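K.L.:
Encoded as structure tokens, here's the structure I'll be asking about.
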Amino acid sequence: MSAGERERCAPLFCYPRRMHDFSVISAGVGPIIVISAAGLLCLAFYNRLTAVVTRLRGFDRERLQEQESIEKHGPEADPALVAEHLAVLGMLREQTELVRRRAHLVRRTLVCLLSTIIALALCSLVVGLGTVWSSLAYVAVPLFVIGLGALVTGCVFALQELRLALAPIELEGRFVSQLTQQ
């Protein structure tokens with residue numbers, strides 16, 4: 001391509017003749033790959049959030065049933081039976097709190113993952129526009145770093161949530177073991 005042809009050709013519509021002309025495409029690939037990974041993680045964590053919310057609703061129903069059982073027997077109820085229902089209520093309250101903490105961690109994870117997608121989508125846009133306005137290339141790097149920072153933060157929240165995942169089941173297992181040994 002001659003110098004005259006190059007001046008008449010808009011940068012976005014010229015066929016690249018040299019290898020460094022592909023740098024815009026290769027610079028845009030990194031953010032897109034991370035966006036895909038963050039999207040898959042979002043899908044998994046939205047499903048996880050749904051399961052956690054469903055379990056919270058189940059705990060609320062169980063707590064209401066236990067409370068109704070106490071009220072149904074009234075003041076003349078056997079104190080041992082009331083104590084057992086109160087113990088179940090206490091265990092359900094603890095489980096609810098643990099699962100609620102997990103729900104908050106999943107939500108924080110999703111916020112970070114969605115922030116990653118936004119930052120890296122903007123990064124890709126800026127890289128593409130950088131072919132027309134070269135000064136925009138300096139904006140792409142901070143957006144990429146922000147996106148990766150949000151991804152790492154989201155993964156830290158995911159690890160914390162994973163650490164808490166078995167706590168309600170362990171609590172329930174200990175409680176059931178105590179009830180069955182009596």
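Every residue, every condition in (1) surrounded by fewer than 22 Cβ atoms within 10 Å (Cβ to Cβ); (2) free of Cβ contacts under 8 Å to residues at least 40 places away in the same chain, yes or no:
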{"site": "PRO79", "(1), (2)": "yes, yes"}
{"site": "VAL82", "(1), (2)": "yes, yes"}
{"site": "THR96", "(1), (2)": "yes, no"}
{"site": "LEU110", "(1), (2)": "yes, no"}
{"site": "LEU113", "(1), (2)": "no, no"}
{"site": "LEU120", "(1), (2)": "no, no"}
{"site": "CYS123", "(1), (2)": "no, no"}
{"site": "GLY128", "(1), (2)": "yes, no"}
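K.L.:
Here's another thing I want to ask about it. Return the total of residues in region 109-138 being of a type outside the set (Ser, Thr, Tyr) and at pLDDT 90 or above. Break it down into steps so the answer makes sense when it comes.
P.N.:
Start the filter on region 109-138 by keeping residues that are of a type outside the set (Ser, Thr, Tyr), which leaves 110-114, 117-123, 125-130, 132-133, 136-137.
With at pLDDT 90 or above added as a condition, the list becomes 110-114, 117-123.
So the answer is 12.
K.L.:
Looking at (1) at pLDDT 95 or above; (2) touching a helix residue (DSSP H, G or I) at 6+ places or on another chain (Cβ under 6 Å); (3) farther than 30 Å from ARG63 by Cα; (4) of a type in the set (A, V, I, L, M), can you tell me which one VAL106 breaks?
P.N.:
(3) is the only condition that VAL106 fails.
K.L.:
Please go through region 130-154 and pick out each residue that is without any contact (Cβ under 8 Å) to a residue 24 or more places away in the chain and either β-branched (Val, Ile, Thr) or in contact with a Ser or Thr (Cβ under 8 Å, 6 or more places away or on another chain) (or both).
P.N.:
Residues of region 130-154 that are without any contact (Cβ under 8 Å) to a residue 24 or more places away in the chain, as a first pass: 133-139, 141-142, 145, 149, 152.
If the condition is that a residue be without any contact (Cβ under 8 Å) to a residue 24 or more places away in the chain and either β-branched (Val, Ile, Thr) or in contact with a Ser or Thr (Cβ under 8 Å, 6 or more places away or on another chain) (or both), then VAL139, VAL141, VAL145, VAL152 are the ones that fit.
K.L.:
If GLU170 passes every condition in (1) under 24 Å from GLU62 (Cα atoms); (2) touching a helix residue (DSSP H, G or I) at 6+ places or on another chain (Cβ under 9 Å) but one, which one does it miss?
P.N.:
Unmet for GLU170, out of (1) under 24 Å from GLU62 (Cα atoms); (2) touching a helix residue (DSSP H, G or I) at 6+ places or on another chain (Cβ under 9 Å): (2).
K.L.:
Now, a different point. Quick check on region 124-135. Is at least one of its residues of a type in the set (Phe, Trp, Tyr) and either assigned to a helix (DSSP H, G or I) or at positive phi (or both)? Step through it out loud before you land on a result.
P.N.:
Step one: filter region 124-135 for residues of a type in the set (Phe, Trp, Tyr), giving 133.
Next cut, either assigned to a helix (DSSP H, G or I) or at positive phi (or both) only: none.
No; the residues of region 124-135 include none that is of a type in the set (Phe, Trp, Tyr) and either assigned to a helix (DSSP H, G or I) or at positive phi (or both).
K.L.:
Restricting to region 156-174, give me the number of residues that are within 14 Å of LEU113 (Cα to Cα) and surrounded by 16 or more Cβ atoms within 10 Å (Cβ to Cβ). Explain how you work it out, then say what you get.
P.N.:
Filtering region 156-174 for residues within 14 Å of LEU113 (Cα to Cα) gives 156-159.
Okay, now just the ones that are also surrounded by 16 or more Cβ atoms within 10 Å (Cβ to Cβ), so 157-158.
Within region 156-174, residues that are within 14 Å of LEU113 (Cα to Cα) and surrounded by 16 or more Cβ atoms within 10 Å (Cβ to Cβ) number 2.
K.L.:
Going through region 48-77 one residue at a time, which ones are β-branched (Val, Ile, Thr), within 18 Å of LEU162 (Cβ to Cβ) and surrounded by fewer than 16 Cβ atoms within 10 Å (Cβ to Cβ)? Give the derivation first.
P.N.:
The initial filter retains those residues of region 48-77 that are β-branched (Val, Ile, Thr), namely 50, 52-54, 70.
From what's left, within 18 Å of LEU162 (Cβ to Cβ): 50, 52-53.
Of everything in region 48-77, those that are β-branched (Val, Ile, Thr), within 18 Å of LEU162 (Cβ to Cβ) and surrounded by fewer than 16 Cβ atoms within 10 Å (Cβ to Cβ) turn out to be THR50, VAL53.
K.L.:
Same structure again: Is it the case, given these coordinates, that GLY173 is within 15 Å of the chain's Cα centre (by Cα) and either part of a helix (DSSP H, G or I) or not acidic (Asp, Glu) (or both)? Let's see the steps before the verdict.
P.N.:
Numbers: within 15 Å of the chain's Cα centre (by Cα): no; either part of a helix (DSSP H, G or I) or not acidic (Asp, Glu) (or both): yes.
No: the conditions fail for GLY173.
K.L.:
Select, from ALA10, ALA27, ALA77, ALA44, the only residue that is at pLDDT 85 or above and either under 38 Å from the mean Cα position of the chain (by Cα) or in a loop (DSSP other than H, G, I, E, B) (or both). Outline the logic, then answer.
P.N.:
Details: ALA10 fails: at pLDDT 85 or above; ALA27 fails: at pLDDT 85 or above; ALA77 fails: at pLDDT 85 or above.
When all the criteria are applied, what remains is ALA44.
The values are calculated or read from the model by the stated rules, or taken from the named source; none is laboratory data. Remember, it's a predicted structure, so these values are computed and weren't measured experimentally. Note that each Cβ is placed from the backbone with ideal geometry, even for glycine, and that neighbours are counted across all protein chains shown.
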